[in-house]
Amino acid sequence: MMLVRYLSQIGRYFLMLKEIFKKPTKWSVMRSLIFKEVDDLIIDSLGIVAFISFFVGGVVSIQTALNLTNPLIPKYLIGFATRQSVILEFAPTFISIIMAGKMGSFITSSIGTMRVTEQIDALEVMGVNSLNYLVFPKLIALLLYPFVIGISMFLGILGGWMAAVYGGFASADEFVNGLQVEFIPFHIAYAFIKTFVFALILATIPSFHGYYMKGGALEVGKASTVAFVWTSVVIILVNYILTQLLLTK
Amino acid sequence: MIEVKNIKKSFGDQMVLKGVSTVLDTGKTNLIIGQSGSGKTVFLKSLLGIHTPDSGTISFDGRIYSDLNADEKRELRTEIGMVFQGSALFDSMTVEENIGFPLKMFTSKTQKQIKERVDFVIDRVKLIDAHKKKPSEISGGMQKRVAIARAIVNNPKYLFCDEPNSGLDPKTAIVIDNLIQEITSEYNITTVINTHDMNSVMEIGDKIVFLKNGLKEWEGDKTQIFKTDNEAVTDFVYSSELFKKVREAVLKEGN
């Protein structure tokens with residue numbers, strides 16, 4: 001019974017994706033909606049992403065340094081480990097999970113509130129495709145999400161460099177040398193392919209939970225929590241699948 | 001004119017509308033009344049196309065809704081104005097943005113023309129000093145006026161109101177009722193109001209349809225409702241002492 005319910009929800013989710021692209025909203029209106037979503041979802045997230053990335057990068061660097069107890073292991077490994085951790089996993093995946101909480105709950109609660117206050121019914125009665133009006137601008141705005149992750153990568157490594165150098169764990173040259181050792185450019189492509197897919201997940205799963213919620217204010221809160229859980233679960237699963245597909249031979 | 005023929009609607013095993021037929025007249029305020037659970041919200045949502053009836057037809061001046069293609073349905077929807085129970089104003093927009101929204105979405109009017117039309121309807125619904133305010137910054141009565149202004153800004157042929165007086169004090173409720181009635185006759189709109197407010201029935205009930213258990217139990221106007229012998233209607237209308245006394249007075253006057 002539960003399986004049937006999950007399958008029906010998944011089917012409904014894909015039908016929703018189809019609806020988003022039907023009957024597009026007038027471009028002049030859509031343009032201003034996209035700018036608003038860029039501001040709400042991308043610009044407003046930069047502060048927290050910068051803060052978390054910088055300090056987590058620092059922590060990765062320190063922990064790596066503290067685990068290098070064997071004097072034969074070169075210090076440049078601190079830079080190497082920080083680069084690999086930040087670029088491959090921390091920035092694309094863990095920032096996306098944090099964003100599932102921040103952006104995702106914002107998306108679910110704003111759409112859910114529109115549902116309970118009949119604003120979505122008002123759009124439908126007027127003849128507006130409410131899914132296109134509400135979700136499409138979010139999808140377009142989140143095409144800028146890879147820039148957020150790019151900033152996260154840069155600040156994570158900067159944080160690691162500062163912690164290593166100013167903490168006395170490695171010299172600047174050693175850390176930078178580590179950043180360059182065995183650098184595989186495809187890892188950057190892999191990270192951004194993941195990021196792009198996560199952006200689509202971040203825009204649509206919380207929208208789904210907000211759009212189809214029923215009830216009142218309490219249910220809006222519950223829907224936000226459920227949306228966060230499912231967005232995180234899907235990000236983790238997709239992360240595993242993409243890593244298998246893109247990094248294994 | 002909206003003609004409803006034998007519409008039925010079920011949700012799962014529960015049949016909410018069991019075959020309702022009526023004609024809702026143009027230029028008149030048509031009130032749908034009935035107890036909670038009588039099916040009036042489902043009836044209104046079926047007229048609006050939010051619910052699709054299982055059987056029966058709804059025709060808008062001869063256009064049968066279920067026979068229209070997607071483009072024709074969209075076209076028809078631009079002729080509909082709706083005032084929701086909770087006003088359903090867009091939180092993120094100011095009052096004038098809310099009112100101008102249908103024009104911005106569905107017309108090719110310039111910003112200047114939109115502004116002129118918005119100013120006109122704001123004056124018409126007597127909204128004062130509210131242009132730049134957000135819905136959360138104005139009173140419930142003003143929110144209803146904004147909702148009415150938004151509903152009529154694109155010159156609708158059909159105006160639907162779901163419990164327009166809900167949450168308003170009696171004096172403001174009468175003002176809103178009168179405003180709806182004035183607009184209905186002024187612009188010759190087919191207005192359908194879903195209500196259980198007997199003051200509205202007395203004030204603006206040009207035509208009243210009484211629903212009970214998903215069926216049309218009675219229909220008439222505001223003078224006939226006080227003289228009917230239909231037990232279900234009298235039970236509903238005279239549930240308060242005040243209206244019992246009103247009826248006695250009306251019957252006495254009639255005799």
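Computed from the coordinates by the stated procedures, all read-outs in this text should not be read as laboratory data. Owing to the predicted nature of the structure, the values given are computational and were not obtained by experimental measurement. Every residue, glycine among them, receives a Cβ derived from its backbone with ideal geometry; neighbour counts consider all protein chains shown.
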Exposure-ranked with fewest Cβ neighbours within 10 Å first, B:T52, B:T94 stand as B:T52, B:T94
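Among B:R247, B:R77, B:R145, which comes first, then next, by fewest other beta-carbon atoms within 10 Å?
Numbers: B:R247 16, B:R77 19, B:R145 27.
Sorted ascending by nearby Cβ count, the order is B:R247, B:R77, B:R145.
Under the definition of partner shielding as Cβ atoms of other protein chains within 10 Å of a residue Cβ, what is the mean value for peptide A:114-125? Each step should come with its number before you reach the end.
On the way: counts 4, 0, 1, 8, 8, 8, 1, 7, 14, 4, 5, 12.
Mean partner-chain Cβ count within 10 Å for A:114-125: 6.
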Under a Gaussian network model of chain A whose springs join Cα atoms within less than 10 Å, the largest fluctuation of A:F169, A:F192, A:F228 belongs to A:F169
Each label sits 7 Å from Cα toward the beta-carbon; between A:F21 and B:E248 the label points are separated, in nm, by 7.0
Computed over all unlike Cα pairs, the Kirkwood hydrodynamic radius of segment A:26-247 in Å stands at 18.8
Inter-part gap, Cα centre of segment A:105-152 to Cα centre of segment B:229-255, in whole angstrom, is 50
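What ranking of B:L24, A:L68, B:L168 emerges when the number of other C-beta atoms within 10 Å of each C-beta is taken as an exposure proxy, fewest first?
Numbers: B:L24 23, A:L68 16, B:L168 20.
So the ranking, lowest neighbour count to highest, is A:L68, B:L168, B:L24.
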To the nearest 20 debye, chain A has a Cα-centred charge dipole, built from +1 on Lys and Arg Cβ and -1 on Asp and Glu Cβ, of 620
HN-Hα couplings for segment A:235-247 via Karplus (6.51, -1.76, 1.60; θ = phi - 60°), in whole Hz with x for Gly/Pro, come out as 4, 5, 5, 5, 4, 5, 5, 5, 5, 4, 5, 9, 9
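For n ≥ 4 DSSP H runs only, could you compute -39500 (n - 2.57) per run for the protein assembly as shown, divide by its residues and tell me the 222 nm figure to the nearest 500? Please list the in-between numbers first.
Details: 20 runs with 295 residues, N = 504.
Mean residue ellipticity at 222 nm (helix-derived): -19000 deg cm²/dmol.
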Cα-Cα longer than 27 Å, checked against B:K40/B:K133; A:K26/B:K157; A:K22/B:K134; A:K102/B:K109, kept in input order, equals B:K40/B:K133; A:K22/B:K134; A:K102/B:K109
Going residue by residue through segment A:149-161, the Karplus relation 6.51 cos²θ - 1.76 cosθ + 1.60 with θ = phi - 60° gives ³J(HN,Hα) values, rounded to whole Hz and with x marking Gly or Pro, of 5, x, 5, 4, 4, 4, 6, x, 5, 4, x, x, 4
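Based on the alpha-carbon gyration tensor of the protein assembly as shown and its eigenvalue square roots a ≥ b ≥ c, which shape applies: rounded if a/c is under 1.5, prolate if not and a/b is larger than b/c, or oblate?
Details: a/c = 2.97, a/b = 2.59, b/c = 1.15.
Judged from the Cα gyration tensor, the protein assembly as shown comes out prolate (a/c at least 1.5, a/b above b/c).
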Note to self: C-alpha centroids of segment A:21-79 and segment B:87-163 sit apart, in Å, by 41
For segment B:2-216, whose charge dipole is built from +1 on Lys and Arg Cβ atoms and -1 on Asp and Glu Cβ atoms, the candidate among B:N69, B:S166, B:M93 with its Cα farthest towards the positive end is B:N69
Here the tail fraction of P(r) beyond 18 Å, over all Cα-Cα pairs of segment B:152-200, rounds in percent to 27
Dividing the mean separation of Cα pairs under 8 Å (6+ apart) by the residue count of segment B:8-128 yields a relative contact order in percent of 14
The extension gain from A:I140 to A:I43, computed as 0.36 nm times the residue separation minus the Cα-Cα distance, is 33.5 nm
Expressed in angstrom, Rg and Dmax over the Cα atoms of chain B are 18.7, 60
Computed about the Cα centre, the charge dipole of the protein assembly as shown from +1 Lys/Arg and -1 Asp/Glu charges at the Cβ has a magnitude in debye, to the nearest 20, of 720
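Give me a single rounded figure for B:85-92: the average over its residues of other chain Cβ atoms within 10 Å of their Cβ. Spell out each step's value before the answer.
Values: counts 1, 5, 4, 9, 4, 5, 5, 6.
Across the residues of B:85-92, the mean count of other-chain Cβ atoms within 10 Å is 5.
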Site B:K112, offset 7 angstrom along Cα→Cβ, radius 19 Å on amide nitrogen, limited to segment B:66-96, gives none
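Just how large is the dipole of segment B:2-216 about the Cα centre, in debye to the nearest 20, putting +1 at every Lys and Arg Cβ and -1 at every Asp and Glu Cβ? The partial results should precede the final answer.
Values: 29 positive and 27 negative charges, 48 e Å.
Rounded to the nearest 20 debye, it is 220 debye.
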Per residue of B:150-158, other chain Cβ atoms within 10 Å number on average 1
Two pseudo-spin positions, 7 Å from Cα along C-beta at B:I128 and at B:S36, lie apart in nanometres by 3.6
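What fraction of the DSSP beta bridges in the protein assembly as shown is antiparallel, stated in percent and rounded to the nearest 5?
Details: 21 of 38 bridges.
If we restrict to bridges inside the protein assembly as shown, about 55 percent are antiparallel.
Determine, from the Cβ-Cβ distance of B:L215 and B:N188 and an R0 of 35 Å, the FRET efficiency 1/(1 + (r/R0)^6), rounded to the nearest 0.05. Mind showing how you got there, number by number?
Numbers: r = 30 Å, r/R0 = 0.87.
The calculated FRET efficiency here is 0.70.
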Taking Cα pairs closer than 8 Å and at least 6 residues apart, the relative contact order of segment B:2-216 in percent is 35
Taking the dipole of the protein assembly as shown about the Cα centre (Lys, Arg +1; Asp, Glu -1; charges at Cβ), the one of A:V116, A:V86, A:I184 that reaches farthest to the positive side is A:I184
Most packed first (mean Cβ within 10 Å per residue), the peptides B:200-210, B:147-157 order as B:147-157, B:200-210
Distance in nm between A:N67 and B:D206 label points, each 7 Å along Cα→Cβ, equals 7.8
Counting sequence-distant residues (5 or more places) and residues on other chains, those with an amide H built under 5 Å from that of B:I32 are B:I193, B:N194, B:T195, B:V209
Once phi for every residue in segment B:195-201 is put through the Karplus expression 6.51 cos²θ - 1.76 cosθ + 1.60 (θ = phi - 60°), the whole-Hz ³J(HN,Hα) values, with Gly and Pro written as x, are 8, 10, 8, 5, 4, 4, 4
With the 8 Å Cα cutoff and a minimum separation of six or more residues, segment A:26-247 has a relative contact order in percent of 36
